[in-house]
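Working notes, structure below.
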Amino acid sequence: MPASSVTNPMSTAPLQVLTIGLQDEIFAVETDRVHEVLDQVPITPVPNSRTFVRGLINVRGKVVPVADLRLRFGMKTGEVTRDTRIVVMDVFIDGEPTLVGTLADRVYAVTEVAAASMEEAPRIGMKWRAEFVRAIGKRKDEFIIILDIDRVFATDETAYIGSKPPEAGSP
């Protein structure tokens, strides 16, 4: 989706999203991108991986990397609690569909965000990089940060999870 496109101007249909908590923020991903939500499962660390990649898990016979979105967004990492979940999502990395697990402090609910309530993310005043945000939706008295999950993992060289190895000497 182009950065300037928040919603399809012809569409007035609400966007169905899964809301998740990271620290005190409410984020959301489109439900059609969510593969499944898992309770905590053992994560196998991977040597020399990016700092936000916690390791690998097995999801129905597939090896899936698990990323900590808090670290990706520059937040402090939190402790794993009984509410922590792994949200397995379909993302596109280098144009290829890939399963990626993301740690969420909490998974709230599937909800709808009205197309009319969505606005482009402000470029200043946010704790994380605005290009990771597809839109900001408003529901009642709360803001929901709708993630552009493909950009979270493919915006720049620090987003490496896909099949292309990092260049020698890169962090």
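What to note about this one:
- Looking only at region 86-120, residues that are surrounded by fewer than 19 Cβ atoms within 10 Å (Cβ to Cβ), among the charged types (D, E, K, R) and over 12 Å from Ala28 (Cα atoms) come to 5 in all.
- Of all residues making up region 125-161, the number that are basic (Lys, Arg), at pLDDT 85 or above and farther than 22 Å from Gly55 by Cα: 1
- Residue that is surrounded by the most Cβ atoms within 10 Å (Cβ to Cβ) [pool: residues in region 27-65 that are of a type in the set (Gly, Ala, Ser) and not in a strand (DSSP E or B)]: Ser49
- Residue within region 73-82 that is free of Cβ contacts under 8 Å to residues at least 40 places away in the same chain, among the polar types (S, T, N, Q) and either surrounded by fewer than 17 Cβ atoms within 10 Å (Cβ to Cβ) or more than 13 Å from Val152 (Cβ to Cβ) (or both) present: yes
- When Asp24 is tested against (1) closer than 26 Å to Arg106 by Cβ; (2) at pLDDT 85 or above, only condition (2) is not met.
- Residues located in region 71-110, provided they are modelled with pLDDT under 85 and among the polar types (S, T, N, Q): Thr77
The values are calculated or read from the model by the stated rules, or taken from the named source; none is laboratory data. Quick caveat: nothing in here was measured; it's all calculated off a predicted structure. For neighbour counting, all protein chains shown are included, and Cβ atoms are generated from backbone atoms with ideal geometry for every residue, glycine included.
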